[in-house]
């Protein structure tokens, strides 16, 4: 299966995080995970497992442990949850995410080896169990020496605890998921203690609540577990034995106390595994360089913006402690999920709260901001902004350079903020906000023109413009300014290239191919008998690399750069095997190098032109989709002149009222990559603000709807 279908398969599985928990008794959880691993060939037996449990700080501790082992020269895998931007963040080998192709291949392997799993009699496996098995599969295939696994929930029945680990870590334990784990700290600690194994060490922090530490000492003694407690100065073991750290993480500036506590845990575990291999310089450099996205992460300086996924009272209290050391008063943007103690979270933030804005994270279990407001402690004044993106925009427009903003309460909201502030990440396509940004600009244009509008759909995706005459609707980024047939032709890249080539416009050399595996009703359209025949013709006409495009690709999804016959054949095989019934046309093109530009136009009128600057490459070829990408408006007349001329020539082929032209300034001239009849303004606005596109919508309303 291809990447899209692999994601869809995972999304059909039971998923506690999305509110679709696996059914069946808890006693089936670990046997089911073991049965799943057996189907995969028991990959967990081919590397040393390390398990990290606790309530808060698990991701920091496990990622630091993996980094320390890797820096010391050991090939290491890391499995964490939840993710921020893509599910692939959860499984890393040597600090790198898996490619989309590797991910799809792994899920295909999982799918092929788990057919008929119901025969095991343990119920269907969940998405988390599937991902845990995938992590073990990928680690074994990559021949890692160590695999560090972060526990998902609790410990006793968690999928990561289905086999024995060389050592275990328990970070700070607090009240969270009480409906599953218990309503007291001791009950929760008892569930999490199950990650430890007799005869193996269990590392924990001296910062545990006293009753938790006492329980862990008592349970370790009863079950012959070697308990090692990482304190501020040393690691204490049974009988008073003590070990020192290679260096003190608390000496690093700008890090909260919780980071030092989790760093000590990682150092203690790594030192136990590596001994003298882990010297002070390696340890200091690794921990000083370590950043775990979304955890006490700086997103801006003026105003100071911090992002932290604290989602329970204990984590919020630790966050408030770190924030209070930086400034006495903060503005908070908070979103929460159902099932979390939102009241306790807000109460922990209250002493620092100058202003509190509540919103809804982009998550299936998002708590409505109105319901979140009902949980606010007495005396806390709150504001509600339903959209997280809108709230961020408003706050950044209102705050001064000396103010302080913290975005917290949910990693989903933190992820949205990371993308808003353009922090480094591997995005899973683009968010829904990209399409809805067009409606935001349209509303502002209508206000300036004195026009009335209303939403014609419950989800706010259809806007109805109130005016005399025929009704005018806008659907997300789609608009009524184009002729239907011309827009449909422009949406089909195959027809685009044919029309532009006939008109003498410069386009990349293109080979259109039809899926050789398509249903027999399409035999008249088939261009080649096999994938091998397609590859042979490609090599006759082009040199590598070549671009492969689906004829209805969008936002650089469905566009692939292939560098060899092997990768080309694999790509074509995947695309053809996974095509829809009416989705059988592929385009293979020469690769055109040069700066990439976009023209925004109306018929033969150039409305705006900008260069897409940034680090192109990776699996998404659009520079604006990469972290740090910038849309830089073209103002030089020596370039605007040729761009206007190109716009007029395109308009003579396709009569479109509102569209965009993507092009490359190649040595041979301005080469058209494609025309988009429903342009997005999101990426331009991210770099330049909304004003230019608001004016464009004003111009289009005047031109077509006056």
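The values are calculated or read from the model by the stated rules, or taken from the named source; none is laboratory data. Bear in mind that the values here come from a model prediction, so they are computed numbers and not experimental data. Ideal geometry is used to build each Cβ from the backbone, glycine not excepted, and the neighbour counts take in all protein chains shown.
Quick check: anything in region 493-506 within 20 Å of residue 659 (Cβ to Cβ), at pLDDT below 95 and touching a helix residue (DSSP H, G or I) at 6+ places or on another chain (Cβ under 6 Å)? The answer is yes; a qualifying residue exists. If you filter region 556-599 down to residues that are touching a residue at least 60 places away in the same chain (Cβ under 8 Å) and at positive phi, you find that the one that is surrounded by the fewest Cβ atoms within 10 Å (Cβ to Cβ) is 594.
With respect to residue 518, determine if the residue is in contact (Cβ under 8 Å) with a residue 12 or more places away in the chain, over 28 Å from residue 653 (Cβ atoms) and crowded, with 18+ Cβ neighbours inside 10 Å. Talk me through it step by step, then tell me what you get.
On the way: in contact (Cβ under 8 Å) with a residue 12 or more places away in the chain: yes; over 28 Å from residue 653 (Cβ atoms): yes; crowded, with 18+ Cβ neighbours inside 10 Å: yes.
So residue 518 passes the test.
Screening the candidates 252, 265 for the property of being buried (at least 19 other Cβ atoms within 10 Å of the Cβ) and either touching a helix residue (DSSP H, G or I) at 6+ places or on another chain (Cβ under 7 Å) or farther than 19 Å from residue 207 by Cβ (or both) yields one hit, 265.
One residue stands out in region 280-297 among those that are part of a loop (DSSP other than H, G, I, E, B) and either without any contact (Cβ under 8 Å) to a residue 12 or more places away in the chain or on the phi > 0 side of the Ramachandran plot (or both): the one that is surrounded by the fewest Cβ atoms within 10 Å (Cβ to Cβ), namely 291. Of all residues in region 1-41, those being over 18 Å from residue 122 (Cα atoms) and in a loop (DSSP other than H, G, I, E, B) number 4.
Using the structure shown, decide if residue 239 is over 37 Å from the mean Cα position of the chain (by Cα), within 23 Å of residue 158 (Cβ to Cβ) and outside the structural domain of residue 317 (by TED's automatic domain parsing).
Taking the combined requirement at face value, the residue does not satisfy it.
A single member of 624, 608 is farther than 30 Å from residue 103 by Cβ and either free of Cβ contacts under 8 Å to residues at least 60 places away in the same chain or touching a helix residue (DSSP H, G or I) at 6+ places or on another chain (Cβ under 8 Å) (or both), and it is 608. Taken over region 463-480, the criterion of being touching a strand residue (DSSP E or B) at 6+ places or on another chain (Cβ under 7 Å) and in a loop (DSSP other than H, G, I, E, B) is satisfied by 471, 480.
Checking the stated criteria, residue 38 turns out to be surrounded by fewer than 21 Cβ atoms within 10 Å (Cβ to Cβ), farther than 30 Å from residue 432 by Cβ, without any contact (Cβ under 8 Å) to a residue 12 or more places away in the chain and outside the structural domain of residue 362 (by TED's automatic domain parsing). Among the numbered conditions (1) buried (at least 21 other Cβ atoms within 10 Å of the Cβ); (2) touching a strand residue (DSSP E or B) at 6+ places or on another chain (Cβ under 7 Å), the only one that residue 389 does not meet is (2). Testing residue 488 on (1) loosely packed, with under 13 Cβ neighbours inside 10 Å; (2) in contact (Cβ under 8 Å) with a residue 40 or more places away in the chain; (3) within 30 Å of residue 645 (Cβ to Cβ), one condition comes back false. Which one is that? Failed condition: (2). The residue list 343, 373 contains one member that is touching a strand residue (DSSP E or B) at 6+ places or on another chain (Cβ under 6 Å) and either in contact (Cβ under 8 Å) with a residue 60 or more places away in the chain or over 22 Å from residue 18 (Cβ atoms) (or both), which is 373. Restricting 426, 432, 452 to residues that are more than 20 Å from the chain's Cα centre (by Cα) and not assigned by TED's automatic domain parsing to the domain that holds residue 685 narrows the list to 452. Looking only at residues of region 427-437 that are out of contact with any strand residue (DSSP E or B) (no Cβ under 6 Å at 6 or more places or on another chain) and not in a helix (DSSP H, G or I), we find that the one that is surrounded by the fewest Cβ atoms within 10 Å (Cβ to Cβ) is 427.
Within the span defined as region 327-339, every residue fails to be in a helix (DSSP H, G or I) and modelled with pLDDT of 95 or more. If the condition is being in a loop (DSSP other than H, G, I, E, B) and either at negative phi or buried (at least 20 other Cβ atoms within 10 Å of the Cβ) (or both), then region 71-91 contributes 72, 74, 75, 80, 81, 82, 83, 84, 85, 86.
Of all residues in region 653-706, those satisfying the criterion of being closer than 24 Å to residue 422 by Cα, touching a residue at least 24 places away in the same chain (Cβ under 8 Å) and part of a helix (DSSP H, G or I) are 682, 683, 684, 685, 686, 687, 688, 692, 693, 694.
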